[in-house]
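> Have a look at this one.
The values are calculated or read from the model by the stated rules, or taken from the named source; none is laboratory data. Quick caveat, the model's predicted, so the values are computed rather than measured. Here the Cβ positions follow ideal geometry from the backbone for every residue, glycine too, while neighbour counts run over all protein chains shown.
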Amino acid sequence: MAIVIVLVIASFFGWWELTSHSPTNSVLDAGESSLKIKVGEQVPNFRLETPDDSELQLSDFVGRAVVLNFWATWCSPCRAEMPALQQIANEYGPSRELVVVGINMMESPEVVKSYTKELGLSFPMALDRKGVLAARYGLIGLPATFFIDADGILQAQTLGQLHGELLHDGIDAVLGDQVDIP
């Protein structure tokens with residue numbers, strides 16, 4: 001019981017610190033200010049294991065825009081945005097100018113395979129098994145989506161669930177006038 005009380009108090013003070021004492025207006029704003037990779041900057045390459053025991057690198061997609069989505073199976077907002085991400089992946093296909101890449105946070109390959117099969121996800125997935133890539137990006141929560149143009153420059157980002165026009169706006173940012181998503 002004492003541990004629960006300590007955790008509740010610590011959570012309250014963490015929330016208080018993020019919302020009341022920072023110059024930002026919300027936890028999401030505080031999260032955006034913590035990001036280590038900023039809009040307009042070159043995104044560093046990474047190499048991660050895939051659920052099928054191969055490797056995926058950001059440089060595999062040189063010359064193509066990338067929608068990089070950090071997610072986990074336990075994250076309900078992540079699950080809610082997956083159909084829209086799959087729709088974009090289907091629309092652009094594997095050989096077109098844009099690719100969706102999912103980065104799973106700290107879960108086993110078996111869990112990720114089962115989840116992607118259940119949801120019918122076919123876009124490339126990688127495993128950030130120790131949270132190293134998330135730390136490089138400065139993430140404090142999930143989901144998080146980064147829109148990287150064909151030159152490897154971060155053009156837009158969304159912390160939290162993609163909803164409304166956020167996905168379309170991000171794609172417009174990396175493809176410009178080339179896109180007309182219904």
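> So, of the residues in region 146-159 that are among the hydrophobic types (A, V, I, L, M, F, W, C) and buried (at least 20 other Cβ atoms within 10 Å of the Cβ), which turns out to be nearest to Ile171 (Cα to Cα)?
To start, the set of residues in region 146-159 that are among the hydrophobic types (A, V, I, L, M, F, W, C) comprises 146-148, 150, 153-154, 156, 159.
Remaining after also requiring buried (at least 20 other Cβ atoms within 10 Å of the Cβ): 146-148, 154, 159.
Working: Phe146: 10, Phe147: 7, Ile148: 9, Leu154: 12, Leu159: 15 Å.
Going through the qualifying residues, I end up with Phe147.
> Of the residues Asp60, Asp53, which is among the acidic types (Asp, Glu) and in contact with a helix residue (DSSP H, G or I) (Cβ under 8 Å, 6 or more places away or on another chain)?
Working: Asp60 fails: in contact with a helix residue (DSSP H, G or I) (Cβ under 8 Å, 6 or more places away or on another chain).
When all the criteria are applied, what remains is Asp53.
> Continuing with the same structure: When you go through (1) over 15 Å from the mean Cα position of the chain (by Cα); (2) more than 17 Å from Leu166 (Cα to Cα) one by one for Gln87, which number turns out not to apply?
Checking Gln87 against (1) over 15 Å from the mean Cα position of the chain (by Cα); (2) more than 17 Å from Leu166 (Cα to Cα), the one that fails is (2).
> Test Leu159 against the stated conditions and say whether it is modelled with pLDDT under 95 and in contact with a strand residue (DSSP E or B) (Cβ under 6 Å, 6 or more places away or on another chain). Show your work before the answer.
Details: modelled with pLDDT under 95: yes; in contact with a strand residue (DSSP E or B) (Cβ under 6 Å, 6 or more places away or on another chain): yes.
Yes.
> Now for a separate question. Quick one: Val101 ticks every box in (1) touching a residue at least 60 places away in the same chain (Cβ under 8 Å); (2) crowded, with 17+ Cβ neighbours inside 10 Å; (3) among the β-branched types (Val, Ile, Thr) except a single one, so which number is it?
Every condition holds for Val101 apart from (1).
> If you check Leu175 against the conditions, is it buried (at least 22 other Cβ atoms within 10 Å of the Cβ) and at pLDDT below 95? Talk me through it step by step, then tell me what you get.
On the way: buried (at least 22 other Cβ atoms within 10 Å of the Cβ): no; at pLDDT below 95: yes.
Here the answer is no, as Leu175 does not meet what is asked.
> Tell me which residues, restricted to region 137-165, are assigned to a loop (DSSP other than H, G, I, E, B) and either of a type in the set (Asp, Glu) or within 11 Å of Lys38 (Cα to Cα) (or both).
So in region 137-165, the residues assigned to a loop (DSSP other than H, G, I, E, B) come out as 138-143, 149-152, 160-165.
Gly138, Asp149, Asp151, Glu165, listed by residue number.
> Here is a follow-up. Could you list all residues from region 134-145 that are surrounded by 15 or more Cβ atoms within 10 Å (Cβ to Cβ) and over 11 Å from the mean Cα position of the chain (by Cα)?
Scanning region 134-145 gives Gly138, Ile140.
> Here's a follow-up. Tell me which residues, restricted to region 116-133, are assigned to a helix (DSSP H, G or I) and either in contact with a helix residue (DSSP H, G or I) (Cβ under 7 Å, 6 or more places away or on another chain) or surrounded by 22 or more Cβ atoms within 10 Å (Cβ to Cβ) (or both). Outline the logic, then answer.
To start, the set of residues in region 116-133 that are assigned to a helix (DSSP H, G or I) comprises 116-119, 132-133.
Result: Leu119, single match.
> Further, regarding this structure: Taking region 57-80 on its own, how many of its residues are among the hydrophobic types (A, V, I, L, M, F, W, C), exposed (fewer than 14 other Cβ atoms within 10 Å of the Cβ) and not in a helix (DSSP H, G or I)?
2
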